[in-house]
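Written out below as structure tokens is the structure these notes cover.
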Amino acid sequence: MSGAAPGLDWIAAPGGPLLGRVRVPGDKSVSHRAVMLGAIAEGRTRITGFLEGEDTRATAAILQRLGVRIEAPAGGERLVHGVGLRGLRPAGSPLDCGNAGTGMRLLAGLLAGQGFESVLVGDASLSKRPMRRVIEPLSRMGAVIDSAEGGLPPLRIHAKNVLQGIDYECPVASAQVKSALLLAGLYAEGPTSVREPHPTRDYTERMLAAFGADIDFAPGRATLRPGRPLLAGEVEVPADFSSAAFFLVAASLVPGSQLVLERVGVNPRRTGLLDALRLMGADIRVRPAGEQGGEPVADLEVRHAPLRGARIPEALVPDMIDEFPVLFAAAALAEGETVVSGAAELRVKESDRIAVMAEGLRVLGADIEERPDGALIRGGRLHGGRADSRGDHRIAMALAVAAQCASGEVRIGDVANVATSFPGFDGLARGVGFGLRIA
């Protein structure tokens, strides 16, 4: 969102039917990984569709401080002049990840195998997010990483770690943990294998393979063997499914809506929300449109359809973990009860997303019963009011979606962090019919 500033609020209210074609920004997860792998590859990597968000820019800025030349010839484009696996250099002072949890966890893996010390810091929100899940397996590989009490940032990664490959079974399904271990595995002696209780998104595996790494992977497992250099190439980043999700739900809810979301990444480990919305009666059609950057893409056509409550299968949770805030908004306006379980991970995201979404929707009249790993949401009508996003970008946008069906204006507090993942959201949303303005 352009012009974002601390404490910024939105005023959201019903606009009209949501109509037209929308191209949301590039995928945040793919953008992070593309610039990291380009940095340690040999040769120049050209990235198109790069997300111009604060999180991804923070990652690029850190890599520049580590000695990588990165050019930005145009918006959404990066030229990364790779330094090779052993070419990174010490920054000499802390590396600021901002609000980027993905950036910090993946960089912890990448930096664990370097011959110099690094310190990773973040903003107030990131400094409350748990890093022990990454520290513990990296320590098993031989890394020495200090943290604040409770495994919180900042992270001090000691120099000259001698890493050994491990066979690790993740206790929690987390693409970020898996990715950190695979990146560390590039610098380890012997293969690194990661197994998951449920398959998570495989962006890192696909991109490592595209850069020439010796890696085998299938849903729920991956094995990387070190020794091969990474080779630069072209990466075309698809549109971000998590950003498209807000428009999919809003168009499903607002009568008369008909939207097309163009060239959205539809990696099957990312699109659990499509299955959940279809269980609720949504009318969404997927039109395959080839591949971008090794990822399948599609045009998503969505029309208004009355939604009904549903029990969300736990098997879908890892494939839609970032989409639960907007699913809560859909459930609050659906007919009947929606039950979410197996989603305790939501409590340790940018905010406690179960508590903050429940709080925000209750202010607007929703009937939500919080549970330790999810919620029971009884759908009904929403009215106007003042709801606080607690600085969480996905909650701010989810509340803006809910407000499109409220009976009065909704003031959404603390929305500046929307710029971390979806710069320009407010303008794009207004362009297709949202009632949304800066307060």
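Diffusion coefficient of the chain by Stokes-Einstein, Kirkwood radius over Cα pairs, 10 °C, 1.306 mPa s: 73 µm²/s.
Sorted into 10 angstrom bins from 0, the C-alpha pair distances of the stretch 28-236 split as 9, 39, 40, 12, 0 percent. Sorted ascending by nearby beta carbons within 10 Å, beginning with the fewest, Ile284, Ile135, Ile395 become Ile284, Ile135, Ile395. Less than 11 Å Cβ to Cβ from Ile368, Lys/Arg counted +1 and Asp/Glu -1: what total charge do the surrounding residues give? Net local charge, Ile368 excluded: -2. FRET efficiency for the Glu337 to Glu359 pair, using the beta carbon distance and R₀ = 25 Å, is estimated at 0.80. Three semi-axes describe the equivalent ellipsoid of the stretch 208-339; taken as square roots of 5 times the Cα gyration tensor eigenvalues and ordered largest first, they are 33, 18, 10 Å.
Summarising the label geometry, the points placed 7 Å from Cα in the beta-carbon direction at Arg308 and Arg228 lie 5.0 nm from one another. For the stretch 77-158, how big is the tail of P(r) above 22 Å, as a whole percent of Cα pairs? Summing the P(r) tail past 22 Å for the stretch 77-158 gives 22 percent.
Among beta bridges identified by DSSP and lying wholly in the chain, the antiparallel ones come to about 70 percent.
Give the calculated FRET efficiency between Ile438 and Arg44 to the nearest 0.05, with a Förster radius of 41 Å applied to their Cβ-Cβ distance. Efficiency computed from Cβ-Cβ geometry: 0.55.
Net length available on complete extension from Glu370 to Gln258 is 37.0 nm, with 0.36 nm assigned per residue and the Cα-Cα distance removed.
Once you reduce the stretch 41-84 and the stretch 414-439 to the center of their Cα atoms, the two points are 25 Å from each other. The calculated pair-distance distribution of the stretch 1-119 uses every alpha carbon pair, bins of 5 angstrom beginning at 0, and gives 2, 10, 19, 20, 17, 11, 7, 5, 4, 2, 1, 0 percent.
Springs join every pair of Cα atoms under 10 Å in this Gaussian network model of the chain, and among Ser127, Ser93, Ser252 the largest mean-square fluctuation is at Ser93. Relative contact order of the stretch 28-236, taken over Cα pairs closer than 8 Å and 6 or more residues apart, is 21 percent. The calculated FRET efficiency for Ala218 paired with Ser407, based on their beta-carbon distance and R0 = 41 Å, is about 0.25.
In this simple spin-label approximation, Arg287 and Ala61 carry label points 7 Å from Cα along the Cα→Cβ vector, and these lie 3.9 nm apart. Mind checking which lysines have their Cα closer than 21 Å to the Cα of Lys349? Skip sequence neighbours fewer than 8 apart in that chain. Correct list for Lys349: Lys28, Lys128, Lys178. If you wrap the tightest convex hull around every Cα atom of the stretch 298-439 and split its volume per residue, you get 114 Å³.
Model label points for Ala209 and Val119, set 7 angstrom from Cα along the Cα-to-Cβ axis, are 4.1 nm apart. Take every DSSP beta bridge whose two residues both sit in the stretch 28-236; close to 70 percent of them are antiparallel.
Laboratory data are not the source of any read-out in this text; all were calculated from the coordinates shown. It should be emphasised that the depicted structure is a prediction, and the values quoted were computed from it without experimental measurement. Virtual Cβ from ideal backbone geometry, glycine too; neighbours counted across all protein chains shown.
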